[in-house]
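Participant: First, the structure itself, so that you have it in front of you.
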Amino acid sequence: MARVDLDGNPIKPLTICMIGAGGFIGSHLCEKLMSETPHTVLALDVYSDKIKHLLDPADSPLPWAGRITFHRLNIKHDSRLEGLIKMADLTINLAAICTPADYNTRPLDTIYSNFIDALPVVKYCSENNKRLIHFSTCEVYGKTIGAFLPKDSPLRKDPAYYVLKEDESPCIFGSIEKQRWSYACAKQLIERLIFAEGAENGLEFTIVRPFNWIGPRMDFIPGIDGPSEGVPRVLACFSNNLLRGEPLKLVDGGQSQRTFIYIKDAIEAVLLMIENPARANGHIFNVGNPNNEVTVRQLAEIMIQVYSKVSGEQTAETPTIDVSSKEFYGEGYDDSDKRIPDMTIINKQLGWNPKTSLWDLLESTLTYQHRTYAEAVKKVIAKPLAS
């Protein structure tokens, strides 16, 4: 049976230029496109480890043979970029530095990677009349209005002061010396540029604002498949502690509140955007799960329980320890208090809703982490340190 879009029109096979295809989100999106659609992917990235299972092994062709090709390139300085964008119907840009530990310590790289390096992609799409789906971040909202109210104000409990709406909420950042906002600011500026290209030059665009997408292959485990001194995002940090039997470090007591969504739910939303341009063009979409809200401390507590269940191991004597943000991230760190996405626009345009509970998504992810890393971590821990 022919696949149809939300309006009942047959879906034509597309060629998609995916920048950052080798990352966490890209790998899941490539999997979905290969297994469930007729679309072709030009996969651009510096690394292909997370998608190597999709690329054709010479001896046994995969069912999607020929529909995904890997192009190893860095978009910063590669003359092939425009040609690849021209070959495709649609470009999806996932390339970014998106690890809070880097915003502070590598603010220049963060600004360049998220703004300057994204400029040619927007320009080539606009000049060649190609559609663009650009991945932004929920960080563009910065702090909530509620964060500036007195601690005991009853208005802090009023959703009008904290729920984040794509078309209404202001973007509120900390002062310039708080370099954590270098990321959010670069991401906001590229969003404004894309929006302006749409208004002035007719660029067909969709902007995605992910709210903590979680699942297998997210980030890296330091010292195993990433730098040993690296600090990934919260899920991988906590997974690393659990794998090593260490206490989970709670920055400033883990009081920040976050919502988490399962990567497979989020990818469903992205596929709807890809295949329903008439409904997605010109829109900014929050993609998150408002039902899965917890403080970072609660997240740690649930992860400890889930990991104990999937690994069969006892929990550590001291399950968590508090560290200051200055100690953990260095000078210039700042945080946003709460991140709850309003779902009205994505509901109305694409009829999409997330399905997976926090417990279920953590169980799936930690089962993967345990299966993939537990043995390697044990070996590293067992190695005597060189004297």
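Bear in mind that the values in this text are calculations on the coordinates, not laboratory data. None of the values given here were measured: they were computed from a predicted structure.
Participant: What are the extents of the Cα atoms of region 1-113 along their three principal axes, in Å, largest first?
Facilitator: Projected onto the principal axes, the Cα atoms of region 1-113 cover 52, 41, 28 Å.
Participant: Let me ask something additional. Scale the Cα Rg of region 139-270 by the rule-of-thumb value 2.2 N^0.38 Å and send over the ratio, two decimals.
Facilitator: Output field value: 1.28.
Participant: What is the Å³ per residue value for the convex hull set by the Cα atoms of region 94-179?
Facilitator: Enclosed volume per residue, from the Cα hull, is 125 Å³.
Participant: If you project the alpha carbons of region 215-328 onto the principal axes, what extent comes out on each, in Å, largest first?
Facilitator: Each principal axis gives a Cα extent; for region 215-328 these are 54, 28, 27 Å.
Participant: Tell me, what is the percent relative contact order of region 214-299, built from C-alpha pairs under 8 Å that lie six or more residues apart?
Facilitator: 31
Participant: Per residue and in cubic angstrom, what volume does the convex hull of the Cα atoms of region 17-81 have?
Facilitator: That works out to 79 Å³ per residue.
Participant: Still on this structure, please answer the following. Nearest 5 is fine: what % of DSSP beta bridges in the chain come out antiparallel, could you say?
Facilitator: 10
Participant: Have a look at 348, 76, 187 and tell me which one the Gaussian network model of the chain (Cα, springs below 10 Å) gives the largest fluctuation.
Facilitator: Highest fluctuation of the listed residues: 348.
Participant: Sticking with this one: Using Cα-Cα distances under 8 Å and only pairs 6 or more residues apart, what relative contact order does region 96-371 have, in percent?
Facilitator: Here the relative contact order equals 26 percent.
Participant: For the chain, what does -39500 (n - 2.57) per DSSP helix run (n ≥ 4), summed and divided by total residues, give at 222 nm, in deg cm²/dmol to the nearest 500?
Facilitator: So the calculated ellipticity at 222 nm is -11000 deg cm²/dmol.
Participant: Using the Cα atoms of region 71-119 to build a convex hull, what is its mean projected area in square nanometres?
Facilitator: 3.9
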